[in-house]
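Asker: The structure under discussion is supplied below as structure tokens; questions concerning it will follow.
The values are calculated or read from the model by the stated rules, or taken from the named source; none is laboratory data. The structure presented is a predicted model; accordingly, all values stated were derived computationally and were not measured. Don't worry about glycine lacking a Cβ; one is built from the backbone with ideal geometry, like all the others, and counts go over all protein chains shown. When the accessible area is computed, the model is the full protein with side chains, heavy atoms only, and any ligands, DNA or RNA have been set aside. Shrake-Rupley method; radii C 1.70, N 1.55, O 1.52, S 1.80 Å.
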Amino acid sequence: MTIFLELLRIVLILIILFALGWGIIGNFYALNTVNESHYWLGTIAILLLIFVLYRNKLQFSGWYKGKEVVKLPKNVTITLIISSLLFILLPLFTRGDDHEQIARVIHNNWNSVYIEHIEVIEDNKSVAFFHTADGEEREVYLEKSLFSWKNIRDLTFIREGITKPIHLSFSNSPYTNEEDIHLVLLRVFDKEIDRVEIVKEGETIHKYQLRSKDSEEKFGLFRTEIDDIYEAEFIAYNSAGAIVFNDQPLPVN
């Protein structure tokens, strides 16, 4: 009877401690965009730690009091604990490249069905464009911390009413230590447009390096401390160098 009661106690201990352990490790993995296919490593780590805790402490307060109730050898305990820590940390190094990590952040936070483009800037900044299952077109700005990418701003883009071949969005930069920097996102809808320049009083402030999205649209992102950016002209050229559009915009949020 005592053996049966102890087995029942072991099952309850396993369920309770595993639930608590996975609550911690599972959230840690989710926050650090760990690939779900590697979650099993965390499961093994939790089971090993529960085994060590039971053999070295919990079994002595149980129903069974046989001669076999002894602690694990010290070297075995140390080996199992170190192995558990390695199993927990190993998925952090198998998360894939930045694009894969950002894609997981998007899928985990939004009901996305299609990611158009992910652009990584200066290794620790990113902007991504995607569509949700509800038909929304969204852009999200992310920044990389020590282990993971974090969403720092997300916006919905509404195409209705846009008739110009280029669309400009002005805002303050969302990135860390860039509070005084202006951010200008350029969207290009005309395939003929090959490049866009920002010009103020005949002087070129910036030449956009246009990036293509899967939708065959193009975009460019510019960050600057120049306050005159709101009064500048945005001139679009085709591949032959001819001007196909000229706009002096008002701020669009």
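Asker: So which residues in region 140-160 are of a type in the set (Lys, Arg) and either open to solvent by less than 30 Å² (accessible area, probe 1.4 Å) or not in a strand (DSSP E or B) (or both), if there are any at all?
Answerer: Selection gives Arg159 alone.
Asker: Would a scan of region 71-92 turn up a residue that is free of Cβ contacts under 8 Å to residues at least 24 places away in the same chain, of a type in the set (D, E, K, R), farther than 30 Å from Asn151 by Cβ and open to solvent by 70 Å² or more (accessible area, probe 1.4 Å)?
Answerer: yes
Asker: Looking at region 126-148 only, could you name the residues that are modelled with pLDDT under 90 and under 13 Å from the mean Cα position of the chain (by Cα)?
Answerer: Once the filter is applied, which keeps residues that are modelled with pLDDT under 90 and under 13 Å from the mean Cα position of the chain (by Cα), region 126-148 yields Ser145, Leu146, Phe147, Ser148.
Asker: Answer yes or no: is there a residue in region 17-33 that is in contact with a His (Cβ under 9 Å, 6 or more places away or on another chain) and closer than 30 Å to Glu100 by Cα.
Answerer: yes
Asker: Might you check whether a residue that is in a helix (DSSP H, G or I) and basic (Lys, Arg) occurs anywhere in region 69-79?
Answerer: Among the residues of region 69-79, at least one is in a helix (DSSP H, G or I) and basic (Lys, Arg), which makes the answer yes.
Asker: Determine the pairs where a residue that is under 14 Å from Leu155 (Cα atoms) and open to solvent by less than 20 Å² (accessible area, probe 1.4 Å), located within region 119-139, has a partner that is modelled with pLDDT under 95 and in a loop (DSSP other than H, G, I, E, B) with Cβ atoms under 8 Å apart, the partner being 6 or more residues away or on another chain.
Answerer: Taking only residues 6 or more apart or on different chains, the pairs are Phe129/Lys213; Phe130/Trp110; Thr132/Trp110; Thr132/Asn111; Glu137/Ile158; Glu137/Arg159.
Here's the yes/no breakdown for (1) part of a loop (DSSP other than H, G, I, E, B); (2) open to solvent by less than 20 Å² (accessible area, probe 1.4 Å):
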| position | (1), (2) |
| --- | --- |
| Ile162 | yes, no |
| Tyr175 | yes, yes |
| Glu179 | yes, no |
| Arg187 | no, yes |
| Arg195 | no, no |
| Thr204 | no, no |
| Gln209 | yes, no |
| Ser215 | yes, no |
| Leu221 | no, no |
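Asker: Related question: Out of region 1-37, which residues are buried (at least 16 other Cβ atoms within 10 Å of the Cβ) and in contact with a Leu (Cβ under 8 Å, 6 or more places away or on another chain)?
Answerer: Result: Ile13, Leu17, Gly21, Asn32, Val34.
Asker: Output yes when any residue across region 52-68 is open to solvent by less than 30 Å² (accessible area, probe 1.4 Å) and either part of a strand (DSSP E or B) or among the hydroxyl-bearing types (Ser, Thr, Tyr) (or both), and no when none is.
Answerer: No; the residues of region 52-68 include none that is open to solvent by less than 30 Å² (accessible area, probe 1.4 Å) and either part of a strand (DSSP E or B) or among the hydroxyl-bearing types (Ser, Thr, Tyr) (or both).
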